[in-house]
Amino acid sequence: LPTGGAFAGRPLAPGRAVVVSEEPAGIWAARRDALGIPPDGVRLITRGLLPKMTPDEWAEFVAHLTAQLAADPADLVVLDTLANLWPVRDENNAAEVTAALAPLHPLAAGRSLLLVHHLRKNDGDQGTGSRGSGALFGFVDVLAELRRVKGD
């Protein structure tokens, strides 16, 4: 990320990232150091295992993050994992999912936004493995589903 290169066979310009996660800062620092990413290449915002935000708190948090990025830009924002950050209680409720995604539009302007989300317990065919409403997948430009390779 800090030096550019290639990703998935395509050129990647140098850039900076912000990761918003429920995981402890120490885990992310160890990952960053293992990959040789300088500390100023990835900023970390940890929420810990706090209770879910209300829709208003979520909108305020995303607005605050957007303002921070206006003052100190980053090219990539990672929300890891979405289910532990956003205020959605029923991931199958399209209206609730759509309302939670709405504040992300300004955050995504001029930068990449990576939303990490989990697969369903029973998986699914390609493009249908992620849990919850299809409204999430209508919001994104690219959907990448990662699975373990089966032995057979």
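Details
- Over the chain, dividing the summed -39,500 (n - 2.57) contributions of all DSSP H runs of at least 4 residues by the number of residues returns a 222 nm mean residue ellipticity of -8500 deg cm²/dmol.
- Estimated FRET transfer efficiency (GLU57, VAL149; beta-carbon r; R0 41 Å; 0.05): 0.55
- Summing Lys and Arg as +1 and Asp and Glu as -1 over all other residues whose Cβ lies under 9 Å from the Cβ of ARG89 gives a net charge of -2.
- Projected onto their three principal axes, the Cα atoms of segment 1-84 cover extents of 39, 26, 23 Å, largest first.
- Percent RCO, i.e. relative contact order, over the chain, from Cα pairs under 8 Å lying at least 6 residues apart: 21
- Ordering GLY9, LEU79, ILE27 by Cα displacement along the dipole of the chain toward the positive end leaves GLY9 in first place; charges were set at the Cβ atoms of Lys, Arg (+1) and Asp, Glu (-1).
- Scanning residues 5 or more positions from VAL78 or on other chains, those with amide H under 5 Å from its amide H are VAL18, VAL19, VAL20, LEU114, with H placed 1.01 Å from N in the peptide plane.
- Estimated FRET transfer efficiency when R0 is 41 angstrom, pair ARG111-ARG89 (beta carbons, to 0.05): 0.90
- Summed side-chain charge close to ALA29 - residues other than ALA29 whose Cβ falls under 14 Å, Lys, Arg +1, Asp, Glu -1: 0
- P(r), alpha carbons of the chain - 5 Å bins starting at zero, rounded %: 2, 8, 16, 20, 20, 17, 12, 4, 1, 0, 0
- With the gyration tensor restricted to C-alpha atoms of segment 56-104, the semi-axes of the equivalent ellipsoid amount to 22, 11, 9 Å, longest first.
Each value in this text was obtained by applying a stated rule to the coordinates, not by laboratory testing. Just so it is clear, the model here is predicted, and its values are computed rather than measured. Backbone-built Cβ (ideal geometry, glycine too); neighbour counts: all protein chains shown.
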